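So the structure is just underneath, and the comments pick up after that.
The values are calculated or read from the model by the stated rules, or taken from the named source; none is laboratory data. Keep in mind that what you see is a predicted model, and the values were worked out from it rather than measured. Positions of Cβ are backbone-derived with ideal geometry, glycine not excepted, and every protein chain shown enters the neighbour counts.
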Amino acid sequence: MDMDISQYKELFINEAQEHLEALNQSMVDLEKDPGNPDVLTEIFRSAHTLKGMSATMGFDQLTELSHEMENVLDGLRSGDIEVTTDIVDLLFGCFDMLGAMVADIAEGSGKILDTRTLTEALRAVYVGEKSVAAGSEAQTRPARKERVKKKSKKAPAARERHAAEPPSREEAGEEEKRGSEEETGAEGGEGAAAVDHEAEEVAGERAIRLRIILDKDCVLKSVRVFMIFKKLAQIGRVVSSRPSIEDLEDEKFDRAFEVLFATAQTTEAVRGALMTIAEVQGVELLTAEAAADIVVEEETAGDLIYEETERPEAAEVRLADDLGSSTAPVRTQSVRVNISRLDNLMNLIGELVINRTRLQEIASSQSSPELKEALAQTARLTADLQDEVMKTRMVPVENIFNRFPRMVRDLAKSRGKEVDFVMEGKDIELDRTILDEISDPLMHLLRNAVDHGIDDPDAREARGKPRRGSIRLVARRDRNYVSVEVSDDGQGIDTRKVFDLAAEKGLMSPEEKKAFGDEDALRLLATPGFSTAEEVSGVSGRGVGLDVVKNKVESLGGMLVMQSVSGEGTSFALKLPLTLAIIQALLVKVSGEIYAIPLGVVAETAVISTHEVKYVSNQEVIFLRDETLPLMRLGRYLGLQEENGQGSFPVVVVEVAMKNVAIAVDELMGQQEIVITSLDRYLKRIRGFGGATILGTGEVALILDIPTLLS
Amino acid sequence: MADDTRSADEIQLVVFSLGREEFAVEVTQVREIMRMEEITRMPKSPDFVEGIINLRGQIIAVVELAKRLNLEAGERSGDTRIIVVEAEDIKVGMIVDSVSEVLRVSADAVEPSPTLATDVAAAYLRGVVKQDNRLIILLDLTKVLSLQEMAGLEF
């Protein structure tokens, strides 16, 4: 019953990255509130799990470094080591190194990273602490629990051993066992001794049926199963299991599974051995019989449903408060699904929606009330299904927010600024794809806020502001949009300077300057190349990449809104659609072809008479409510044959970059919900299209990507 | 040619005609062969890209193979077919005048192409197969579907 561990690699990488993110997050919290035992416990817990996972998978480098790190964390937890900026920096360094190792594992590059500097620094911290702590232990920790003291006495020995030589894989495993089991009182050493002792007394092999229950927080269930089977193989042989080994490997079980196990050991010895494996919550003996009587029974469904009442050991084995503290995030029942599966599901729903529309078109020409009723039902079900699938793609913004505190902290530190970073609305959800896309833009805005928004502490004081600047990252749900806002209370953007510079660069006329507001300033800032204006203090660098941010947000069907008050601060808000896959679009027809324009960019539609078209410097324009709009004839622009519009033609007014533009089309076909199908690699290089959609008739219509089309 | 070393191997070819010449692609690269259908134009694309079609929910590009190979295209007729091929993860439909057969030949039968045998640029060829007085040109799909030409399109 051998299992191949390599298949757990992806699972491991995911989990490890999550733990590292949690570590970074908690460490930022810890720095703000150094004495908080809950945060420390959380850090210790994550680091410990990471080490255990690494040891299980045989990633020695990771295990080694996280082990060294854990020693320091242990010191922090016990209060022997003080939380200082240096130590926080050192630990952040470790997290980064661990992250790099995980990335290497993901790439399979097998690089050996140099961890010596970090390891030495870590050792210097906890070895130094130990010598100091030895003298003052009695005074510094009078109030601590008995249990913890006992461990502290034991710990130095282990530390010395590991300081002298890196832990081998077995030792690390042993370490893990100690880490999680010592609080339960089930000492590994004693357990092992008991096994040896009793083994001599038992004569002959017996078969026992065991139910093994995993901890409810157990994350790498299949790996635990692997470890359990490995351990069992050392002390006997597994005859069968329920569910089957394949199902166990695939994690097709809840928390408990049964094994029929032939062994010469006593039940207690077997239980002792299994309980040394982390995240095993309990082992129950179901039946015991002579080996000769083993009958492989047929599996019965529902056998393994875990019941609360059948868990006599639960109380004994539950991890002590120390590790299972109330600050631990509440895990809900969930399944990991590859994002491509969800994409496929979404595509299928998309097709279903298309077919539904088609059926409705057909039904409208039939006079069958039954058909119509059945279709109405189908339509409702499809809508519900679509809704559910959309929900499964939604993830809390927390997923990307969590990496920002660390980034802001590091950046502020390196720039000599003092910043309080506040995040709100972390539980607001967005489509996974959108979330991935806005991570970089947000990072960019935050970097700008620290770099250019927040002023130096001295400068702030001189202006009567608190020395510490404040940066807020707030997610909010507004009807069909999610707004993510980055704001600072820094010096603000001097819009006059922006306009002066724009006029200088010939981007605007002096008259325009007077009428312009914040929105226009943003448009200017987001103009590629504008940002090179380094000579204007307070503006320099502000525009760096703002054009990129704006384009990204717009390509997602969203908007970037800026507000700035000189001297008081700046805010950038990303207004994003909840989901990408299905959008509202305006369908238009140009020389026989149908195109979809995302409704997000459409300001209005109008019908224009041919004689209303004027020329301004050789460019066709139209006047719409006192506004002069450049006219773009879509057919001509796309190189299609143009129809000779006699009399009047419809225009779609879209909002892009600097101005509104009127797009002339042959026919407006109305608004419709469309499913976006992305273009493959072969077609993606053709700019101006955001994808395609399949219409109810089965026809394919291209979706115009207005910003890139007009840029 | 690398293929020369796999002596005893057999390969299966989908043979089709384009103008006056016969061409083939390996059957392993062919996903399906379909009748001509309504094609949505793809503006701003190279002229050999005829447009896009809906292949059971997937949007794929359709190229006029004759134009791609700088040959004269035949008239569209009832025999016109779209051969959907896949190479290097790209699925593309190729319009051909007609599809004649699936031919089983030994890999040895593929000879390096004499440059004068066809008007098609040598870069797109994998070799020729001589069979009963016929000369069948085996296309190198990777080259034919190369994105090199697409790269210059950004505007």
Hits in the stretch A:98-110 (condition: free of Cβ contacts under 8 Å to residues at least 12 places away in the same chain and surrounded by 13 or more Cβ atoms within 10 Å (Cβ to Cβ)): A:A103, A:D104
Filtered residues of the stretch A:685-711 (kept if within 9 Å of another protein chain (Cβ to nearest Cβ) and of a type in the set (D, E, K, R)): A:R685, A:R687, A:E699
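So which of A:G592, A:G567, A:G600 ends up being without any contact (Cβ under 8 Å) to a residue 60 or more places away in the chain and under 37 Å from the mean Cα position of the chain (by Cα)? Walk me through how you get there before you give the answer.
Values: A:G592 fails: under 37 Å from the mean Cα position of the chain (by Cα); A:G567 fails: without any contact (Cβ under 8 Å) to a residue 60 or more places away in the chain.
Selected residue: A:G600, the only one of A:G592, A:G567, A:G600 that is without any contact (Cβ under 8 Å) to a residue 60 or more places away in the chain and under 37 Å from the mean Cα position of the chain (by Cα).
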Checking B:V120 against (1) more than 13 Å from chain A (Cβ to nearest Cβ); (2) at pLDDT 70 or above; (3) outside any strand (DSSP E or B); (4) in contact with a strand residue (DSSP E or B) (Cβ under 8 Å, 6 or more places away or on another chain), the condition it does not meet: (2)
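Are any of the residues in the stretch A:223-233 part of a loop (DSSP other than H, G, I, E, B) and closer than 24 Å to A:T49 by Cα? Explain how you work it out, then say what you get.
To start, the set of residues in the stretch A:223-233 that are part of a loop (DSSP other than H, G, I, E, B) comprises none.
The answer is no; no qualifying residue exists.
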Subset of the stretch B:38-55 (residues that are more than 8 Å from chain A (Cβ to nearest Cβ) and out of contact with any strand residue (DSSP E or B) (no Cβ under 6 Å at 6 or more places or on another chain)): B:P46, B:D47, B:L55
The stretch B:8-56, residues that are among the charged types (D, E, K, R), over 30 Å from A:A701 (Cβ atoms) and not in a strand (DSSP E or B): B:D9, B:R20
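Going by the conditions given, is A:G670 surrounded by fewer than 17 Cβ atoms within 10 Å (Cβ to Cβ), more than 10 Å from every other protein chain (Cβ to nearest Cβ), touching a strand residue (DSSP E or B) at 6+ places or on another chain (Cβ under 7 Å) and not in a loop (DSSP other than H, G, I, E, B)?
Values: surrounded by fewer than 17 Cβ atoms within 10 Å (Cβ to Cβ): yes; more than 10 Å from every other protein chain (Cβ to nearest Cβ): yes; touching a strand residue (DSSP E or B) at 6+ places or on another chain (Cβ under 7 Å): yes; not in a loop (DSSP other than H, G, I, E, B): yes.
The answer is yes for A:G670.
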Residue list for the stretch A:634-662, filter: at pLDDT 85 or above and more than 14 Å from chain B (Cβ to nearest Cβ): A:S648, A:F649, A:P650, A:V651, A:V652, A:V653, A:V654, A:N660, A:V661, A:A662
Condition broken by A:G35, with the remaining ones in (1) in a loop (DSSP other than H, G, I, E, B); (2) among the small types (G, A, S); (3) touching a residue at least 60 places away in the same chain (Cβ under 8 Å) satisfied: (3)
Scan of the stretch B:34-43 for residues that are buried (at least 17 other Cβ atoms within 10 Å of the Cβ) and either of a type in the set (S, T, N, Q) or in contact (Cβ under 8 Å) with a residue 12 or more places away in the chain (or both), ordered by number: B:I39, B:T40, B:M42
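Quick one: how many residues across the stretch A:384-409 are charged (D, E, K, R), farther than 14 Å from A:L20 by Cβ and crowded, with 17+ Cβ neighbours inside 10 Å?
Just the residues of the stretch A:384-409 that are charged (D, E, K, R), to begin with: A:384, A:387-388, A:391, A:393, A:398, A:403, A:406, A:409.
If we keep only those that are farther than 14 Å from A:L20 by Cβ as well, we get A:384, A:387-388, A:391, A:393, A:398, A:409.
Right, trim to crowded, with 17+ Cβ neighbours inside 10 Å and you get A:393, A:398, A:409.
Here the count works out to 3.
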Residues (surrounded by fewer than 21 Cβ atoms within 10 Å (Cβ to Cβ), in a helix (DSSP H, G or I) and not hydroxyl-bearing (S, T, Y)) located in the stretch A:71-82: A:R77
Helices (runs of 4 or more DSSP H) lying entirely in the stretch A:471-582 (those with 3 or more residues that are at negative phi and at pLDDT below 65): A:510-515
In the stretch B:57-72, the residues that are buried (at least 17 other Cβ atoms within 10 Å of the Cβ) and of a type in the set (G, A, S): B:A61, B:A66
